[in-house]
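The values are calculated or read from the model by the stated rules, or taken from the named source; none is laboratory data. Bear in mind the structure is a predicted one, so any value in this text is a computation, not a measurement. Don't worry about glycine lacking a Cβ; one is built from the backbone with ideal geometry, like all the others, and counts go over all protein chains shown.
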Amino acid sequence: MERKDLDLKGLLIIFVVITLFLFAYQAYLTLFHPTPQPPPQQEVKEKPQNIPSLLLGTSREEKKPQNLITYDFEKYKLVLSQEGAKLISLVDKKYNKDLITDEERRLNLFPLEVFTGDPEKDLFLNFSPYEIKKEGDQIIAKVKGEGFELIKRITYKGDYFSLKIETSGIPTPFISSGMKVKEDDFFTHSGPVVKIGNKIERLEKVEGRELITGDIKFAGEESRYYFKGFAGPIKAVAIYNLEGKETITLVKGEGELTFYGGAKEYSRLKNIGLSEVIDFGSLRLIVKPLFIFMHWIYEHLHSWVFSIFALTLIVRILMFPLTYKSTVAMGKMAELAPKMQELKEKYKNDPAKFQEEMMKLYQEVGFNPMSGCLPILLQIPIFFALYKVLTITVDLQLAEFLWIQSLAQKDPYYILPVLMGITMISQQFISPSPEKSQNLIMIISSVVFTFLFANFPAGLVLYWTLNNVFNLGQTYLIKKLTFKDKKEKPAKKKKK
């Protein structure tokens, strides 16, 4: 049985395709299915029974808020119930998003509730009417019981709120940050997040109730685009698994705490020391600098479209030397096509000799088979880093581009993915391979990529489309200038 001859270029294409697939699969697992992290290292470990009860399954679910007070600030609109002085609604006005979930309303378990560990006192503190008044940007809520008193001071600070709990006759209570905002996670972490010392812990699983103590910087519940939690002098964090579906995070703090409930917008979070709430993922060494660079452009040009355009242009400029080598290599490959065909015919029954002669031919003209693969391989980390950036950047929800209402979502009409596919196929015509079968493979790959990108965030598809357009321009100029002289000045025969 005769073996089918495969030239070196064909083997290289197979190798590159397999490498790209393995890299993509590994990156997918790393970015989107991270290995569950072990529970945070705790400096002090307390027994679960020392964590206060949330009073679920008692009369709490029936004690629905009756008297509501609305406060409208510049960036937030919040609603407090007079019973318990707790947050019934918290709207981030820029994104028109209410961070209080249906599950919190169902369980009647809201942010800013307090828990001392004494069920009777906790029922009183969370369901008794408070005396509430507003002084400037500060809301003061006060309640008195038999031998104890509690005051909540909520102060609007622009991008966030400060919260100070003053007590008399009762120990420092735990304060509820609430549950995570329900939204499409898109393979990002969703649930409890805690910073202990210099380490960020994103908990994947919580068994029952967990208590974390130590040098805690911040704690709360996060989703893809939003965070509800506290920062400041936190002594302990209690995390509860509710009915195996949702989690809720409580903190015990001393003094004034920062309460943030809103979008994970970098320009807000960096000013209050919460920028690490943004999940940059396992490739943070690439993702974070890329994110900061793109955000810097956005802050100056006020457009994420320009930010993506600038990134694409810079990447293409940096890749130009490799693009040049790749284009020249393909040109040399085209020149070798007739000789390659001759060698195939001559050594069709001796594959080893054919490969040996091919390598000699490559060396004679200075052709490197791998030169055409490097530009693609080097862009893969940038591609996945940008993918992560676009899936965690809340600002992109409001970024529009022509018919696309949000660059964070897919193109509703699939126009951009089709344009991207056309630009990919166009590259095969402007810089074709001498092997027709390889051109066919690349065209089929372009069609597959078009369907694959159809449901990707429009911002990512825009980047790849612009990248293809710039690459087409570079290839055309290189071929025009590099191979111009060879066409205009044919070799002259020497006279004898």
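Between Gly273, Gly253, the distinction of being farther than 20 Å from Lys93 by Cβ and surrounded by 18 or more Cβ atoms within 10 Å (Cβ to Cβ) belongs to Gly253 only. Taking the stated definitions as given, is Val305 touching a strand residue (DSSP E or B) at 6+ places or on another chain (Cβ under 7 Å) and either buried (at least 18 other Cβ atoms within 10 Å of the Cβ) or among the hydrophobic types (A, V, I, L, M, F, W, C) (or both)? So Val305 fits the description; yes. Counting residues in the range 131-139 that are at pLDDT 95 or above and either outside the structural domain of Ile175 (by TED's automatic domain parsing) or within 23 Å of Ile239 (Cβ to Cβ) (or both) gives zero. Considering the range 155-230, the qualifying strands (runs of 3 or more DSSP E), each wholly inside and each with 1 or more residues that are among the basic types (Lys, Arg), run over 161-168, 191-196, 199-202, 209-222.
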